[in-house]
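Asks: My questions will all concern the structure given below.
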Amino acid sequence: MKLFQRSEFYLVVLIALICIFITSQNPNFLTLQNLYGVLRSASVNGIFAVGVLFVLILGGTPDVSFPAIAQVTQYVAVLALIAIGGGNIALAFAIAIVLGAVMGALNGIIIQIFRVTTIVVTIATFNLYFGMLYVLSRGDVLFEVPRPFHDFGGTLLFAREGANGAVYGLSLLPVLWLAVMIVGWFILRRTMLGRSIFAMGGDEVSAVRIGVNTFAVRLFVFSFVGALAGIAGIAHASLVLSAIPNSIVGVELEVIAAVVLGGASLFGGKGTVTGTMLGVLLFAILRNGLVLLNISSYWYDVTIGIAIILGMSANAWQQLRARRNQVNVAVEGEAP
Amino acid sequence: MKPGHKPFLQRLSADAPLLFILIAMVVLMALLLPGRFLASYNLVNLANQLPVLALLSIGMMVSMLSGGINLAIVAAANFTGIVTALTMDWLTGGAAATAGLPVILLSMAVGLAACMVIALLTGFLIAWLEIPPILATLGVMMLLDGLSIVMTRGYTLSGFPPFVVEIGNGSLFWAIPNAFVILVLVILALHFVLNRSPFGFKLYMLGANPRAAEYSNIDTRMVLMKQYALSFLLAALTGFIMMGQFNSVKANYAESYVLVTVLACFLGGINPFGGDGRLSGIVLAAVILQTISSGVNLLGVDPFFVTAMWGAIILIVIAVSHLTGRHSIQAMIRALGLGRDKAAARPETKE
Amino acid sequence: MQPFLQLDGISKSFAGVHALVDVDLTVNSGEILCLMGENGSGKSTLIKIVSGVQPQDSGTIRVEGQDVRDATTAEMIRHGIQVIYQDLSLMPNLTVAENIAMARTIREGRRLVRWGEMRQIAQEAMDRIGAKIDPDATVGDLPVGLQQMVAICRAFTSDLRLLILDEPTASLNRTEIEHLLALVREMKDRGIAIIFITHKIDEVIDVADRVTCLRDGRNVGSLTGEELTYDRIVELMTGREVVPVPFVARIDPTQAPVLSVRNLTKRHNFADVTFDLYPGEILGIAGLLGSGRTEIAKALFGFSPADSGEIRIGGKVQPIRNVREAVAAGIAYVPENRLTEGLFLQKAVGDNLVSNVIDDLTGRGVLIDEDRKAAMVAEWIGALSIKVADPSAPVRSLSGGNQQRVVIGKWLTRRPKVLILNGPTVGVDIAAKAYIYEIVHNLAHEGAGVILISDEAPEIVNNSNRILLVRGGRVQRELETRQTSAQELHRMVAAS
């Protein structure tokens, strides 16, 4: 537990330092309007990240198929709502969640039955889903999403008028993200299912011996990731107000990196929702900072790359130092 | 037979399953595309396209042998090409296409050097800071993609001197493409490096058990550094070939190849946890994938169908190899009665 | 009286290999049955059948007279049968309370976690055996002894009738073993049946009411009461009497020490370690787990170098800052854990053997000279009598004793001046042990200096001429082996 707190603590410090720096260069950073914007843009990745966290805790390699699932579910839901000429956002979510869960479940079933590492299976399903979407949709871009997406994406809480007359407020997307995080936290922390996920991540053989139904747990985790990808797909469509077959794919590595920076272990059994949130926020703030500092968006990937490398290095250095100072033997007569 | 030397036939039998798949694929394509697939222009075309995939796959395999992975491999190829192109551009004052041989070689040296700096950084992160390779190379990949975009402002740089284009597109010996000749030379060299040199021996041992390697007087950090240097060297070489073949460089060329190289490793029987995997396996796997890709291309199929097909192929390979009881495609063919089942003759450990 | 568990004619084979052949076995409530047998004799298979992990091919299992067929693990637990596996089967990332209570809450079909209840279940189980562990501690942070307690506590969250302990003392130190054995006796007094699996004969004599021995998948007999002596047990296990050959050092008194260590110190590991090692000598290092014995060895081998102090090899000061410097100076180290530290399991026997000397096997060029490599492999397979048909077979396919010969052989190929052996016979059966001792004795007779680190007092007493007693990271005493006995050494080590 101490270790999690430590990595989260360092993230908070790092984020604070970055915020102070950005604010010192451009005070607009610390306005409510800007912060609402940061939260809004972080929401989609934030929702993905909760799913990735579950997979990482379960153990094995990370899932990379979630953007393809989001892409497919988004496209199908938008098409469905266009077909019935409107509908409402709840229907879109329902379609996306069910379809996403089924697509995710396929990953879980394949991994459980064939005992192949997650990354290989999900690379396969990523290509399969994404390729089929393109083939079946012929790459058609849906520029016009139905009304409910506009309504959902446009609703603002605590709306007020900004200095330049524009109305700003808290979008529903961060609220959705928060809800997903609370559900994720509750499952991980307060249900036997969640503890079974941790148990499998700690030692799967032992988990079997204490009676964990590993198939059910794995099936749940991958269905959950798929369902979250569906939710993120709808959130994304409400944000950009279009459904473009390749507008989401490509975020997978960034999301995984955010979750790992947030303290989740690639070796399973370790990770928190709070840390994951901080990892996602860090990247969102960096992206926002580049805009505010008038740095070309070309630099975003460089910044993220450096952030990941530095973050990992700091973490690794900490661990190496801890190992060096570890007390292997309580040596007689040695000052502690 | 000398002990320690495996007879040629026995080695061949290990690759029999992949050879069988290759032949099956070629026959299938020849039947689907009568007179076109086996036409000489198409075979030359295949030989021309194969090197990029094969070199990247070998680079990926090298990193997997140590139990790592190199997600930055395609990014490094593009990065090398871009640095080379920009250097050439700068040295010729904007007229890269007119560059003379010394300028070209100097530019390529600069590109290669830049790639090696990245290799050293990657090796340092993995060997000294002990960051999991998947993360370290992910970070490096993002950094490289970012640098490439920053350097090119997102544009495509094109128009290179004939020498550069010749590397990728020309042919010095009859109709054999230069790129293919380079590939053959690389495979030969790699055979000696991996199977006959102490470095290769240590690389396999390190991959099999890094802790035991440390206790066995193997300088594991040095081996890891060399291994990533080799992997990035292959990426740089690919970068030069791509420069010539496309006569242009861009930040995100051939991005999807990262996944295809992982697929090639999987198909080629490379153990993703390290320590096992043959060069012949990965080369055959690359040839198979290129055959499928070219054939499907000739059939005029939607390129995204090919993407979906890669996914389906992995799943089929997983399923079939599982149903036959072993997690490798080799087992599949063993079940069909081809190849000799050596494993069955060995006593299995209890528990 | 009706036995709690009665097995009749149990047979089991895997892919044509007979793991168990017609085995009968009974255990009574309130009885400690020690199950012995060399590696591969079928003990593990028997446990798996009794605990419901695998079904038997033929034969019957009766629990309290009732026939039990095709039972699952859960059903066996309901019958009160629990196993504590050698690897403990704990989740290192979870808390003590969760590790103890989770099996029960899952069994009861809970959906939500009540942390208070978890702690309470854990506390009750701990109270039953008098364990005092912080229920909120993360299990992975605990020493192995406490982890074992956690595993035992978990068995007590249900109605326990038969407890099977699979080599529970393998990774425990002396104090922890004493504590465990006391606990086992206490459980026996409460009427719990116990099957205790171990290799250590002194423990058997200590706790067993009865010993049953498996050899090649067959029950070869039992001993009770007066019959429980060291010699009878060894005879039962091996089918013959094994007389250990004690080591007699042949030291030339005029020779200088091959290794001199002065005031070697490493913070949090050991302090002021000083000793000499002469050619032809076997120096035993006796100490508990956590006494610093392994840390000293790792420093001498450059794996985790010392902070200060002086090391001389053959009289010359030799700084050892990494493994390569140690190896170049002629030091070899056979690590504690064969499987994780010693071997490349999936690689060929031959490749394992030459892995230390591969740089010396290049021909005139930079490539490995395959003929020299093959010759060297053949030489060492012969010299160590490693039983393998084809040197390209993976080392994984060898038996434990043969694997250990490969580990030692890996280092003999370098012809070391100083050989450090850390627990060289852990998990090796008695016959194979004798052979390994012979190799080590011969090495010393050829003039190498050997350091032998071991848990087992008889092993050190039989195979050394001098002993260092290590405790708290310091050398507490140095004694001549002939002045002590296994019992006395055992007491001295345990006293610490």
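The values are calculated or read from the model by the stated rules, or taken from the named source; none is laboratory data. Please read all numbers here as calculations on a predicted model, not as lab measurements. Glycine also receives a Cβ, built like all others from the backbone with ideal geometry; neighbour counts cover every protein chain displayed. Heads up: the accessible areas ignore ligands, DNA and RNA and are worked out on the full protein's heavy atoms, side chains in. Shrake-Rupley method; radii C 1.70, N 1.55, O 1.52, S 1.80 Å.
Asks: Using the Cα centre of segment A:187-324 as the reference point, and only Cβ charges (+1 on K/R, -1 on D/E), how large is the resulting charge dipole? Debye, rounded to the nearest 20.
Replies: That gives segment A:187-324 a dipole magnitude of about 600 debye.
Asks: Could you sort the peptides C:138-151, B:165-178, B:32-45 by per-residue average Cβ neighbour count (10 Å cutoff), highest mean leading? All intermediate terms of the calculation are to be shown ahead of the outcome.
Replies: Values: C:138-151: 19.3, B:165-178: 15.5, B:32-45: 13.1.
Peptide ranking by packing, descending: C:138-151, B:165-178, B:32-45.
Asks: Related question: Work from the charge dipole of the protein assembly as shown (Cβ charges, +1 for Lys and Arg, -1 for Asp and Glu, about the Cα centre) and give the residue of B:Leu129, A:Gln71, C:Val144 farthest towards its positive end.
Replies: A:Gln71
Asks: Here's another thing I want to ask about it. Show me you know the interface measure: the accessible area buried between A and C, both chains summed, probe 1.4 Å, in Å² to the nearest 100.
Replies: When A and C are taken together, about 2700 Å² of accessible area is lost.
Asks: OK, next. Report, in whole Å, the centroid distance computed from the Cα atoms of segment B:81-156 and segment C:26-61.
Replies: 63
Asks: In whole percent, how big is the carbon plus sulfur part of the accessible area of segment B:42-345, probe 1.4 Å, protein atoms only?
Replies: 69
Asks: Using a loss threshold of 40 Å², tell me which positions in segment C:358-374 are less accessible in the complex than in their chain alone. Probe radius 1.4 Å, ligands and nucleic acids ignored.
Replies: Residues passing the criterion (a loss of at least 40 Å², heavy atoms only) are C:Ile358, C:Asp359, C:Leu367, C:Ile368, C:Glu370, C:Asp371, C:Ala374.
Asks: Is the C-alpha gyration tensor of segment C:322-429 telling us rounded, prolate or oblate? Criteria: a/c under 1.5 is rounded; beyond that, a/b larger than b/c is prolate, otherwise oblate.
Replies: oblate
Asks: With label points built 7 Å along Cα→Cβ from the Cα atoms of B:Phe163 and C:Asn263, find their separation and express it in nm.
Replies: 6.4
Asks: With every protein chain left in place, what is the accessible area per residue of segment C:3-238 in square angstrom, probe 1.4 Å?
Replies: I get 40 Å² per residue for this part.
Asks: Just checking the output field for B:125-132: average partner chain Cβ neighbours within 10 Å of each residue's Cβ?
Replies: Mean inter-chain Cβ contacts per residue within 10 Å come to 5.
Asks: Then there is this: Tell me the net charge near C:Ser29. Cut-off is 15 Å between Cβ atoms, C:Ser29 excluded, with +1 for each Lys or Arg and -1 for each Asp or Glu. Please report the intermediate quantities before stating the final value.
Replies: Details: positive: C:Arg62, C:Arg161, C:Arg185, C:Lys188, C:Arg190, C:Arg210; negative: C:Glu31, C:Glu64, C:Asp159, C:Glu186, C:Asp189, C:Asp209.
So the surrounding residues net to 0.
Asks: As a check on your grasp of the helix formula, calculate [θ] at 222 nm for chain A: sum -39500 (n - 2.57) over DSSP H runs of n ≥ 4, divide by the residue count, round to the nearest 500.
Replies: Calculated mean residue ellipticity at 222 nm is -24500 deg cm²/dmol.
Asks: Partner chain Cβ atoms within 10 Å, averaged over the residues of C:90-98 - can you pull that number for me?
Replies: So the per-residue partner count for this stretch is 6.
Asks: Nearest 100 Å² is fine: how much accessible area is buried between B and A, summed over both sides, with a 1.4 Å probe?
Replies: Summing both sides, the interface buries roughly 3600 Å².
Asks: Rounded, prolate or oblate for segment A:1-98? Axes are the square roots of the Cα gyration tensor eigenvalues, ordered a ≥ b ≥ c, and the cut-off for rounded is a/c under 1.5.
Replies: Oblate, because a/c is 1.5 or more while a/b does not exceed b/c.
Asks: Once you have a ≥ b ≥ c as the square roots of the Cα gyration tensor eigenvalues for chain B, tell me rounded if a/c is under 1.5, and otherwise prolate or oblate according to whether a/b is larger than b/c.
Replies: Oblate shape, in that a/c is at least 1.5 and b/c is the bigger or equal ratio.
Asks: Summing both sides, how much accessible area is buried between B and C? Use a 1.4 Å probe and give Å² to the nearest 100.
Replies: Approximately 3300 Å², summed over both chains.
Asks: 7 Å from Cα along Cα→Cβ at both A:Leu35 and C:Ser158: what's the point-to-point distance in nm?
Replies: Going from the A:Leu35 label point to the C:Ser158 one covers 5.3 nm.
Asks: Quick one: net charge around B:Ile73, please, counting Lys, Arg +1 and Asp, Glu -1 for every other residue with C-beta under 14 Å from its C-beta.
Replies: -2
Asks: Given the pairs B:Lys226/C:Lys298; B:Lys202/C:Lys373; C:Lys43/C:Lys132; C:Lys200/C:Lys433, which are separated by over 23 angstrom at their Cα positions?
Replies: B:Lys226/C:Lys298; C:Lys43/C:Lys132
Asks: List the residues of segment C:252-268 whose accessible area drops by at least 50 Å² when all protein chains are present, compared with their chain alone, using a 1.4 Å probe and counting only protein heavy atoms.
Replies: SASA drop of 50 Å² or more in segment C:252-268: C:His268.
Asks: What is the sum of charges around C:Glu456, taking Lys and Arg as +1, Asp and Glu as -1, for the other residues whose C-beta is under 9 Å from the C-beta of C:Glu456?
Replies: -2
Asks: Cβ neighbours within 10 Å, averaged per peptide: list A:82-94, B:268-280 in order, most packed at the top.
Replies: Details: A:82-94: 14.8, B:268-280: 21.0.
Ranked from most to least packed, the peptides come out as B:268-280, A:82-94.
Asks: Just which residues of segment B:272-288 lose 30 Å² or more accessible area with every protein chain there, against their chain alone, with the probe set to 1.4 Å?
Replies: B:Asp276
Asks: May I pose another question? Helix-only estimate, please: 222 nm mean residue ellipticity of chain C, summing -39500 (n - 2.57) across DSSP H runs of length 4 or more and dividing by its residues, to the nearest 500. Could you put the intermediate results ahead of the total?
Replies: Details: 16 runs with 164 residues, N = 496.
Value at 222 nm, helices only, nearest 500: -10000 deg cm²/dmol.
Asks: A follow-up question, please. I'd like the carbon and sulfur percentage of the solvent accessible area for chain C, probe radius 1.4 Å, heavy atoms only, ligands and nucleic acids excluded.
Replies: 48
Asks: A further question on this structure: Over what distance in Å are the Cα centres of segment A:64-90 and segment A:156-200 separated?
Replies: 21
Asks: Give me the 1.4 Å probe accessible area per residue for segment B:42-345, excluding ligands and nucleic acids, in Å².
Replies: Ligands and nucleic acids excluded, the figure is 35 Å² per residue.
Asks: Report, to the nearest whole %, how much of the accessible area of segment A:258-304 belongs to carbon and sulfur atoms, 1.4 Å probe, protein only.
Replies: Values: 1020 of 1610 Å².
Result for segment A:258-304: 64 percent of the exposed heavy-atom area is carbon or sulfur.
Asks: Hey, another quick one. Which distance in Å, rounded to a whole number, links the C-alpha centroids of segment C:121-191 and segment C:268-321?
Replies: Using only Cα atoms, the two centres lie 35 Å from each other.
Asks: Give the average, rounded to an integer, of partner chain Cβ atoms located within 10 angstrom of each Cβ in C:386-398. Don't jump to the answer; show the numbers that get you there.
Replies: Working: counts 0, 0, 0, 3, 4, 2, 6, 4, 5, 2, 4, 5, 2.
Partner Cβ neighbours, averaged per residue: 3.
Asks: Report, in deg cm²/dmol and to the nearest 500, the calculated mean residue ellipticity at 222 nm for chain B, where each DSSP H run with n ≥ 4 adds -39500 (n - 2.57) and the sum is divided by the residue count. Write out the running numbers ahead of the final one.
Replies: On the way: 14 runs with 238 residues, N = 351.
Value at 222 nm, helices only, nearest 500: -22500 deg cm²/dmol.
Asks: Then there's this: What is the dipole size for segment C:259-495, taken about its Cα centre, with +1 at each Lys and Arg Cβ and -1 at each Asp and Glu Cβ, in debye to the nearest 20? Intermediate values should be presented prior to the final figure.
Replies: Numbers: 28 positive and 26 negative charges, 85 e Å.
Computed about the Cα centre, the dipole is about 420 debye.
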